[in-house]
Amino acid sequence: MVGRPAVTGELDVARRLLSEAEGVAVLSGAGLSAESGVPTFRGEGGLWRSYRAEDLATPQAFRRDPVLVWEWYAWRRGLVGACRPNAAHRSLARLALERPVAIVTQNVDGLHAVAATEEAGEGDPTPALPLELHGNLFRDRCSRCGARAPALPDVEPSTADSLPRCSVCDGLLRPDVVWFGESLDPSVLQEAFGRASQADVCLVVGTSALVHPAASVPLSTLRAGGSLVEVNLERTPLSPHAAATLLGPAGEILPRLLG
Ligand code: BJW
Ligand code: ZN
């Protein structure tokens with residue numbers, strides 16, 4: 001139980017900030033889904049420990065070797081498709097269905113949306129649906145004309161001829177995610193920064209806060225006079241700016257924090 005009193009003190013600060021807040025923004029990252037079995041990117045067991053981002057998650061890599069890139073994404077679709085939301089996704093979804101909360105996520109796994117639908121039941125899940133800054137693993141986009149479509153099931157990208165093609169222009173489809181060096185959707189980004197700057201508290205969960213511009217979203221809450229509450233296994237570059245940093249697994253901390 002080393003560190004428990006410190007967490008409890010920070011938990012009280014975080015609870016007070018959240019109860020006094022009129023508007024809340026959430027920025028989530030891969031750590032939120034770690035307890036669902038989705039691999040993170042950095043740190044122990046992270047994807048970038050075993051795979052080179054330059055070979056798999058850049059537009060240059062896709063032009064050079066689309067089969068390799070598709071193989072990797074087909075593997076991840078299988079892995080992530082079998083995962084379910086955890087207690088942290090569910091707590092955030094319930095919060096957003098009850099109060100004005102904007103969920104902004106870097107995650108491409110779609111688990112916020114699954115939790116939103118499940119927690120809303122017969123109701124409207126829209127308030128708990130996230131703004132997806134880095135796209136969605138289960139959607140394709142044409143690399144030529146940009147048309148979007150739900151991911152085709154059972155892509156088996158063993159040869160160039162077997163890669164999925166656009167129904168509009170026959171261009172090569174690609175996963176609709178944001179790779180390094182690519183711009184984020186400007187309207188999604190603008191809405192994320194806008195909602196964060198209107199929030200009294202930004203709750204930052206499970207992100208290393210190393211990838212920009214996503215990692216700057218909480219800074220717009222701070223600049224507008226709001227506060228940060230961070231939930232992570234370890235401290236991050238945002239920690240010095242946070243009013244409370246709750247160190248521990250999101251699936252345990254968020255239900256305690258949000259009730
Ligand atoms: C737990 C936990 C548990 C574990 N409970 N916590 C400014 C400065 C420097 C560089 C740049 C800059 N602006 C732009 C850049 C370049 C670049 C960038 O940021 N590079 C840095 C890495 C140096 N950014 C870009 O290229 C972006 N585009 C852009 O800016 O366009 C404009 C532009 C164009 C051309 C030139 C220049 C600018 C695009 C970034 C796209 C990121 N894409 C990826 C892959 C998505 C697709 C896919 O999944 O395949 O997005 S990379 C990967 O990182 C993924 C994530 O969304 C993203 C963030 O990772 P995240 O979520 O933080 O995960 P981890 O693994 O890093 O951290 C997990 C955390 O959870 C850890 O802290 C753990 O402790 C914690 N944790 N278990 C709670 N149970
Ligand atoms: Zn097309």
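The fraction of all Cα pairs in the stretch 131-173 landing in successive 10 Å bins from 0 to the largest distance is 28, 53, 17, 1, given as whole percents. Using only alpha-carbon positions in the chain, the gyration tensor eigenvalues give semi-axes of 33, 19, 17 Å once each is multiplied by 5 and square-rooted (largest first).
In a DSSP loop and with at most 13 other Cβ atoms within 10 Å, the GluC sites (Glu not before Pro) in the stretch 106-155 are 122. Taking Cβ atoms as reference points and 9 Å as the exclusive limit, the residues near residue 141 contribute a net charge of +1, counting Lys and Arg as +1 and Asp and Glu as -1.
Largest GNM mean-square fluctuation across 125, 85, 186, computed for the chain with C-alpha springs under 10 Å, falls on 186. Sequence-distant contacts, meaning Cα pairs under 8 Å at least 6 residues apart, place the relative contact order of the stretch 155-259 at 18 percent.
The 3J(HN,Hα) values that the Karplus relation (6.51, -1.76, 1.60; θ = phi - 60°) gives for the stretch 155-161 are, in residue order, 5, 10, x, 7, 9, 4, 5 Hz. Gly and Pro appear as x. For the peptides 215-222, 88-95, the ranking by packing is 88-95, 215-222, with the highest mean count of neighbouring Cβ atoms within 10 Å listed first. Accessible surface ranking for 51, 73, 1.4 angstrom probe, highest first: 51, 73. Quick check: from the Cα gyration tensor, does the stretch 35-184 come out rounded (a/c under 1.5), prolate or oblate? It comes out prolate by the Cα gyration axes.
Under 5 Å from the amide H of residue 227 lie the amide H atoms of 201, 202, each residue being 5 or more positions distant or on a separate chain, with H modelled from the backbone and absent for Pro and chain starts. Backbone phi angles across the stretch 79-94, fed through the Karplus curve with coefficients 6.51, -1.76 and 1.60 (θ = phi - 60°), yield HN-Hα couplings of 5, 6, x, 8, 8, 10, x, 10, 4, 5, 4, 5, 4, 5, 4, 4 Hz in residue order; Gly and Pro are listed as x. Highest mobility in the GNM of the chain, judged by mean-square fluctuation with C-alpha springs under 10 Å and restricted to 210, 32, 173, is found for 210.
Residues in the stretch 204-217 carry Karplus couplings, in order, of 9, 10, x, 10, 6, 6, 9, 9, 10, x, 3, 5, 8, 4 Hz; the curve used is 6.51 cos²θ - 1.76 cosθ + 1.60 with θ = phi - 60°, and Gly or Pro positions show x. Given springs between every Cα pair under 10 Å in a Gaussian network model of the chain, which of 225, 23, 206 has the largest fluctuation? Greatest mean-square fluctuation among the candidates belongs to 225.
The values are calculated or read from the model by the stated rules, or taken from the named source; none is laboratory data. Quick caveat, the model's predicted, so the values are computed rather than measured. All Cβ positions, even for glycine, are placed from backbone atoms using ideal geometry, and neighbour counts span all protein chains on display. Heavy atoms of the whole protein, side chains included, go into the accessibility calculation; ligands, DNA and RNA do not. Shrake-Rupley method; radii C 1.70, N 1.55, O 1.52, S 1.80 Å.
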